[in-house]
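First the structure, in the form of structure tokens, and then the observations on it.
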Amino acid sequence: MENIKIAILGHGNVGGGTCEILSQNMQLISERIDKKILVSYILVSDTKKTRKWPTLGAKLTDNFEEILNSDVQIVVEVLGGIEPASSYMEDALKTGKHVVTANKAALAANYPILTKAAKDSGVSLLFEASVGGGIPALSAILGNLRGNRFSEVSGILNGTTNYILTKMGSEALAYDDVLKSAQELGFAEADPTADVEGIDAANKLSILMALCFDKYVHPDDIPRKGISHITLDDIKSAKSQGKKIKLLGTARLKDAIHLSQNAENAKLADKASEIEYFVEPVSIDDSHPLFNVDNEYNGILIRGNAVEDVMMYGKGAGPLPTGSAVVGDILKIAENL
Ligand code: HSE
């Protein structure tokens, strides 16, 4: 059986979850693609540290050049943060290596550079795990929804904030306590400010816009409000009116009618061209399709002029759900090599 050699940059929550899935399901995976995934290297900052996740016999290295100069065919970037992740991905793509990433911050900040590097080198850059964790939303947008003209994409795009808002509402827990538990469960970013201030959701919205509207907007240019100012009283008050507060990321054609309204009116969207986009907490009632998307789950609603409304739902954060999307991308590339 042919070996496909890969390197994983990072062995934290997402890198670890990816290794765990490869470890648990290796035989099944090999049978499915008729190839064996061999993890040759894992890039870590401390090669001596005891590891919480499987290392699959890989060589642990703190030297990216060693990976760049090796014969690995796929580089899996799960370091998080914009740099050095973006430079590593660009170097790998320019060296003719395929890249899989879960790193929405790096991708959203450098989308034009990275996609150009992949195109110029004739290699794949896949990033399913960067939006919606384990939900195969990007594959759907780039796959069977591709013939649609989209008028709106809107969703709960951050698991940590949804988890915090849910637990504050259902268990009346204090904000700081729930945030701590989201960190322990591996949902939150290294610096959770990115979650609670809507930065992470803006990164994901930037990626969704690039795919749905062929329009790249740098995440810093997406107007955003986070949830750090929301109090237990705000949540209780929404609850007393039968509502929930959700952090939504939305991009839509300016003249399009909102998803919660009559789908017939989506035809108006064909006449619209300008896009409006924002991340903000919104109070929604049970008539809204995202009302029951709770805890670390994400929900992504898409309106296309042919398909009308599509809603995708699943775990948006956590080592295994996110690792699931990473492994899926690795296999897509491996199968075609
Ligand atoms: N911190 C992110 C979240 C991780 O909570 O959604 C998944 O992208």
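Taking helices (runs of 4 or more DSSP H) as the structural unit, those lying wholly within segment 172-258 and holding at least 1 residues that are over 19 Å from the mean Cα position of the chain (by Cα) correspond to 175-184, 232-240. Which count do you get for residues in segment 187-201 that are within 24 Å of GLY15 (Cβ to Cβ) and surrounded by 19 or more Cβ atoms within 10 Å (Cβ to Cβ)? The total comes to 10. In segment 1-23 there is at least one residue matching the filter, namely being modelled with pLDDT under 95, in a loop (DSSP other than H, G, I, E, B) and either closer than 17 Å to LEU125 by Cα or in contact with an Asp or Glu (Cβ under 9 Å, 6 or more places away or on another chain) (or both). Residues that are within 16 Å of the ligand (Cβ to nearest atom) and either more than 17 Å from GLY132 (Cα to Cα) or crowded, with 21+ Cβ neighbours inside 10 Å (or both) within segment 321-337 comprise PRO321, THR322, GLY323, SER324, ALA325, VAL326, VAL327, ASP329, listed in sequence order. Residues in segment 47-69 that are of a type in the set (Ser, Thr, Tyr) and part of a loop (DSSP other than H, G, I, E, B) were compared, and the one that is nearest to VAL123 (Cα to Cα) is THR55. If I ask for residues that are within 22 Å of the chain's Cα centre (by Cα) and part of a loop (DSSP other than H, G, I, E, B), which ones from segment 149-171 would you list? Those that are within 22 Å of the chain's Cα centre (by Cα) and part of a loop (DSSP other than H, G, I, E, B): LEU157, ASN158. Restricting attention to segment 210-253, the residues that are in contact with a strand residue (DSSP E or B) (Cβ under 7 Å, 6 or more places away or on another chain) and without any contact (Cβ under 8 Å) to a residue 24 or more places away in the chain add up to 1. Quickly run through segment 1-49 and pick out the residues that are closer than 28 Å to ASP191 by Cβ and free of Cβ contacts under 8 Å to residues at least 24 places away in the same chain. Once the filter is applied, which keeps residues that are closer than 28 Å to ASP191 by Cβ and free of Cβ contacts under 8 Å to residues at least 24 places away in the same chain, segment 1-49 yields SER45, ASP46, THR47, LYS48, LYS49. Does any residue of segment 82-90 turn out to be closer than 22 Å to SER324 by Cα and charged (D, E, K, R)? Within segment 82-90, not a single residue is closer than 22 Å to SER324 by Cα and charged (D, E, K, R). Taking first residues from segment 286-306 that are on the phi < 0 side of the Ramachandran plot and among the aromatic types (Phe, Trp, Tyr) and partners that are within 14 Å of the ligand (Cβ to nearest atom) and part of a loop (DSSP other than H, G, I, E, B), the Cβ contacts under 8 Å between residues at least 6 apart in sequence or on separate chains come to TYR297/GLY316.
Within segment 107-128, not a single residue is in contact with a helix residue (DSSP H, G or I) (Cβ under 6 Å, 6 or more places away or on another chain), away from the ligand (no atom under 11 Å from the Cβ) and farther than 29 Å from GLU90 by Cα. It is to be established whether one or more residues within segment 174-183 are closer than 19 Å to ASN103 by Cβ and surrounded by fewer than 18 Cβ atoms within 10 Å (Cβ to Cβ). The answer is yes; a qualifying residue exists.
Go through the residues of segment 152-167 one by one and say whether even a single one is surrounded by fewer than 23 Cβ atoms within 10 Å (Cβ to Cβ), touching a residue at least 12 places away in the same chain (Cβ under 8 Å) and out of contact with any Leu (no Cβ under 6 Å at 6 or more places or on another chain). Within segment 152-167 (the criterion being surrounded by fewer than 23 Cβ atoms within 10 Å (Cβ to Cβ), touching a residue at least 12 places away in the same chain (Cβ under 8 Å) and out of contact with any Leu (no Cβ under 6 Å at 6 or more places or on another chain)), the answer is yes, since at least one residue qualifies.
Please enumerate the residues belonging to segment 302-320 that are of a type outside the set (Lys, Arg), within 16 Å of the ligand (Cβ to nearest atom) and closer than 27 Å to ARG252 by Cβ. Within segment 302-320, MET312, TYR313, GLY314, GLY316, ALA317 meet the criteria. Being in a loop (DSSP other than H, G, I, E, B) and either acidic (Asp, Glu) or surrounded by 20 or more Cβ atoms within 10 Å (Cβ to Cβ) (or both) is a property that VAL72 has. Within segment 79-130, how many residues are surrounded by fewer than 21 Cβ atoms within 10 Å (Cβ to Cβ) and basic (Lys, Arg)? Qualifying residue count, segment 79-130: 3. Taking the criterion of being under 24 Å from SER154 (Cβ atoms) and touching a Ser or Thr at 6+ places or on another chain (Cβ under 7 Å), the only residue of segment 310-329 that qualifies is ALA317.
The values are calculated or read from the model by the stated rules, or taken from the named source; none is laboratory data. For clarity, every value in this text was computed on a predicted model and none was experimentally measured. So basically every Cβ, Gly included, is an ideal-geometry build from the backbone, and we count neighbours across all protein chains shown.
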